[in-house]
Amino acid sequence: MAILPIIRFPHPCLKQVADPVDASSAATRQLAADLLETMHAAPGIGITACHAGISQRLVVIDLPDGDGPHVYANPEIVWQSDESVTREEGSVSMPGIHGPVTRPTRVRVRYTRPDGTQAEEEADGLMAVCLQHEIDQINGIFWIRRLSRLRRERAVKRFARLER
């Protein structure tokens, strides 16, 4: 396993719709393992291949109180609840910056497992938020686009100051 370099906002890869992956390939399994190590080193609880500058539809999530790491290849949200929740979000590509994002409280996600089988999973709470956040990312939607214009402008200015 290797710790991959994480690209920083506003890198163009963070705005691109990622390409599908072959979930069961050795290269994809290795990338998932590398992303997990990279995410833990960042530290973070979710990461995509896009965060490493690799435009592929691969998501890794490992919640602190969860049941271990989850790997999602080519995930898509197929259902979301009408109820919503607002939580603080951030990104390994924009460390030190957080903001309130409102999202549906529950989702159902269709994806491919590392063994190549198709699966669907329902999630709520932090897992639902993480799935939506990371799926947004592989769809080219960086999390600050979910903020109000004013909050987004402030976040970008704060990050620019931190990066100096």
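With Cα atoms as the point set, the radius of gyration and Dmax of the range 20-60 evaluate to 9.5, 27 Å. Mean residue ellipticity at 222 nm, helices only, the chain: -9000 deg cm²/dmol; runs of at least 4 DSSP H residues each add -39,500 (n - 2.57), and the sum is divided by the number of residues.
Give the value in nm², to one decimal: projected area of the alpha carbon convex hull of the range 83-164, averaged over all directions.
In nm², the orientation-averaged hull projection of the range 83-164 is 6.3.
How large is the Kirkwood hydrodynamic radius of the chain, counting all unique pairs of alpha carbons, in Å? One over the average 1/r among Cα pairs gives 15.9 Å for the chain. For the range 74-91, the Karplus equation 6.51 cos²θ - 1.76 cosθ + 1.60, evaluated at θ = phi - 60°, returns couplings of 6, x, 8, 7, 10, 7, 9, 6, 6, 6, 10, 9, 10, 9, 6, 10, x, 8 Hz by residue, with Gly and Pro reported as x.
In units of the compact-protein estimate 2.2 N^0.38 Å, the range 44-139 shows a Cα radius of gyration of 1.02.
Here the range 17-91 yields Rg over Rh of 0.99, to two decimals, using C-alpha coordinates and the Kirkwood radius. When nucleic acids and ligands are ignored and a 1.4 Å probe is applied, K15 ends up with an accessible area of around 140 Å². Each residue of the range 94-104 is assigned a 3J(HN,Hα), and the resulting list reads 9, x, x, 10, 9, x, x, 10, 9, 9, x Hz, derived from the Karplus form 6.51 cos²θ - 1.76 cosθ + 1.60 (θ = phi - 60°), x at Gly and Pro. Taking 0.36 nm per residue of separation and subtracting the Cα-Cα distance, full extension of the segment from S25 to T117 would add 31.9 nm.
Annotation: amide H-H contacts under 5 Å for V85 (H modelled 1.01 Å from N, sequence separation of 5 or more, or interchain): R103, T105. Each Cα pair under 8 Å and six or more residues apart adds its sequence gap; the mean of these over the residue count of the range 1-123 is a relative contact order of 24 percent.
Here the range 24-164 exposes an accessible surface that is 46 percent carbon and sulfur, computed with a 1.4 Å probe and the other protein chains kept in place. About its Cα centre, the dipole of the chain is roughly 1100 debye, where the only charges are +1 on Lys and Arg Cβ and -1 on Asp and Glu Cβ. Average accessible surface for the chain: 51 Å² per residue, computed with a 1.4 Å probe over protein heavy atoms with every protein chain in place. For I97, the residues whose amide H sits under 5 Å from its own are S91, ignoring neighbours fewer than 5 places away on the same chain, with H placed 1.01 Å from N.
The values are calculated or read from the model by the stated rules, or taken from the named source; none is laboratory data. Everything quoted here is computed from the prediction, not taken from an experiment. Cβ sites come from the backbone with ideal geometry, for glycine too, and all protein chains shown count toward neighbours. To get the accessible areas, we keep the full protein, side chains included, count just its heavy atoms, and leave off ligands, DNA and RNA. Shrake-Rupley method; radii C 1.70, N 1.55, O 1.52, S 1.80 Å.
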